[in-house]
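Worksheet for the structure shown next.
No value in this document is a laboratory result; all are computed from the given coordinates. Since the structure is predicted, the reported quantities are computational estimates derived from the model, not experimental observations. Using ideal geometry, Cβ is built from the backbone for each residue, glycine included, and neighbour counts are taken over all protein chains shown.
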Amino acid sequence: MYNFINNMNTNQSFNKIRASSTKPNNLNRGIPLPPIQEAKTISLFSQPYLDTYNQCYKNIVVVNLKPQGPLGDLVKFVKFPPLSEFKQPGPCSPLKDCGYAIMSLYGYYAGCGASKTGCNDLMVVDEVPNLISYLVSNGYSVDTSITKMFNTSDIRFDTNTGNKLICFVTYNG
């Protein structure tokens, strides 16, 4: 055991990681995060969202990770404005201030790209049936067994933001 610990302290690659790290904190302990990789299986959520342009609240569709396959082209990393001045993040109730949202399929079917103005609307939950059709026709499958397992359990995700699980999806391409 002593040799293992002693070798760790003299290991050059370990020291390089430690030397290149940013300021250490309780979460990463000074070790840089790995690059973001696209996931084969993702979860879709409904999330309340404050549309500051139209001055209204919407329930948008978000994903937990950047997905593999064609859906990845419809996902945009967005900032989530605070829903209320009374909801403030704290050490025991963190609030996500950004994440992956799915762009509306209406702009996609109209031939809009994510860079064109007027086509950057986020998908609302009313579009979920169209999204499921898009996913199935593009090589994805909805994992009903995992979705059912979480929907019948007492586990809830991101309860501070009001997220609701829609389903789990796997890319088969």
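A simple spin-label model places the labels of residue 106 and residue 50 2.4 nm from each other, with each point 7 Å out along Cα-to-Cβ. Listed by chain and number, the aspartates and glutamates placed with their C-alpha closer than 14 angstrom to that of residue 79 are 51, 97, 121; residues fewer than eight positions away on the same chain are left out. Listed by chain and number, the aspartates and glutamates whose C-alpha is less than 14 Å from the C-alpha of residue 96, apart from same-chain residues fewer than 8 away, are 158.
When each of the peptides 123-130, 62-69, 148-155, 75-82 is scored by how many other beta carbons lie within 10 Å of its residues on average, the order from highest to lowest is 62-69, 123-130, 75-82, 148-155.
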